[in-house]
Amino acid sequence: ETAPAFLSVWDMHSYYGESYIVQGVSFNVHEGEIVALLGRNGAGKTTTLRSIARLDSPQVQRGEIWLDHKPLHRMASHEAATAGLGLVPEDRRIIPGLTVEENLQLAQIAPPVGWSIERLYELFPRLGERRRQEGVTLSGGEQQMLAIARALARDIKLLLLDEPYEGLAPVIVDEIEKTLRHIKEQGMTTILVEQNAVRALQLADRAIILDTGSIVFDGTAAEVLENESLRAEYLAI
Ligand code: ATP
């Protein structure tokens, strides 16, 4: 008998109202892994992340989601919010009117607290330099760093990133990639949704490819890179 995976998603089906989006998805993520969730526009990647995070919408109507032995599928969204997941949404949601530091402090208002603010500034020196600047006036790359830092400021075990590279210059993507490697070295487990499949595969240990709400591939990043027809059909690379 093998030990259960750190994150285990089993036969998950999710809906936005009547729209059937995630159509029976099953996969495992091991502790400390970075998994890239890839696929065409509208394949259901964001919906899969939001389902795992147990947001109010979409509705997960069937299936099981286990994180570190905890049954997320049995929890209401407010309970799941404290079960150790940190979702960094595509639009980053920096709070207007608050400085960088206040955005981080707000994340630590309720225990359990994760990384200290000092440790986060060591990870993202640019945020430390700009701690008194209003968060929404940061550059796109700096806002992405703040959104990731804010997730780590809470006590999380699983980081869910929705298109962290979107709209960022290649040098900034390099910087964020380096930071995500560092976060992995500290033991974090990460699921990364990305349109930029080339860059995501460079970072990820494993890739899962979705198409119309179903998994069409689950394997190593190297296997994706070697499989020309898979890349052409689902990733356009
Ligand atoms: P993208 O890269 O374009 O964000 P994705 O793979 O993340 O694509 P999703 O955002 O999960 O795809 O969307 C999957 C499907 O769900 C799409 O057909 C989309 O129109 C639909 N959808 C997404 N959000 C909602 C919503 N709030 N209400 C209804 N349908 C939605």
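The values are calculated or read from the model by the stated rules, or taken from the named source; none is laboratory data. In this text the structure is predicted, and so the values were computed from the model without any measurement. Virtual Cβ from ideal backbone geometry, glycine too; neighbours counted across all protein chains shown. Surface areas here come from the heavy atoms of the whole protein model, side chains and all, with no ligands, DNA or RNA. Shrake-Rupley method; radii C 1.70, N 1.55, O 1.52, S 1.80 Å.
The requirement of being within 16 Å of the ligand (Cβ to nearest atom), in contact with a helix residue (DSSP H, G or I) (Cβ under 9 Å, 6 or more places away or on another chain), modelled with pLDDT of 95 or more and open to solvent by 10 Å² or more (accessible area, probe 1.4 Å) is satisfied by residue 21. Residue count for the range 67-88 satisfying the condition of being at pLDDT 95 or above, within 16 Å of the chain's Cα centre (by Cα) and open to solvent by 30 Å² or more (accessible area, probe 1.4 Å): 1.
Sort out which residues of the range 44-69 are in contact (Cβ under 8 Å) with a residue 40 or more places away in the chain and away from the ligand (no atom under 15 Å from the Cβ), and write them in order of number. If the condition is that a residue be in contact (Cβ under 8 Å) with a residue 40 or more places away in the chain and away from the ligand (no atom under 15 Å from the Cβ), then 62, 63, 64, 65, 66, 67, 68, 69 are the ones that fit. Apart from one condition, residue 187 fits all of (1) more than 16 Å from the ligand (Cβ to nearest atom); (2) surrounded by 14 or more Cβ atoms within 10 Å (Cβ to Cβ); the exception is (2).
Looking at 106, 98 in this structure, which one is at pLDDT 95 or above and either open to solvent by less than 60 Å² (accessible area, probe 1.4 Å) or of a type in the set (Val, Ile, Thr) (or both)? Before the answer, list the steps.
On the way: 106 fails: either open to solvent by less than 60 Å² (accessible area, probe 1.4 Å) or of a type in the set (Val, Ile, Thr) (or both).
Only one candidate qualifies: 98.
Return a yes/no flag: does the range 16-25 have any residue that is without any contact (Cβ under 8 Å) to a residue 60 or more places away in the chain and under 29 Å from residue 187 (Cβ atoms). No; the residues of the range 16-25 include none that is without any contact (Cβ under 8 Å) to a residue 60 or more places away in the chain and under 29 Å from residue 187 (Cβ atoms). Tell me, yes or no, whether the range 40-63 has at least one residue that is over 21 Å from residue 212 (Cβ atoms) and within 12 Å of the chain's Cα centre (by Cα). Yes; the residues of the range 40-63 include at least one that is over 21 Å from residue 212 (Cβ atoms) and within 12 Å of the chain's Cα centre (by Cα). Residue 101 meets each of the listed conditions (1) touching a Lys or Arg at 6+ places or on another chain (Cβ under 6 Å); (2) within 16 Å of the ligand (Cβ to nearest atom) apart from (2). The set of residues from the range 190-215 being in a strand (DSSP E or B) and either without any contact (Cβ under 8 Å) to a residue 40 or more places away in the chain or among the polar types (S, T, N, Q) (or both) comprises 190, 214.
Please work out which residue is surrounded by the fewest Cβ atoms within 10 Å (Cβ to Cβ), limiting yourself to the range 125-165 and to residues that are under 19 Å from the mean Cα position of the chain (by Cα) and farther than 30 Å from residue 79 by Cβ. The selected residue is 140. In the range 70-86, the residue that is nearest to the ligand (Cβ to nearest atom) out of those that are under 28 Å from residue 145 (Cα atoms) and touching an Asp or Glu at 6+ places or on another chain (Cβ under 7 Å) is 77.
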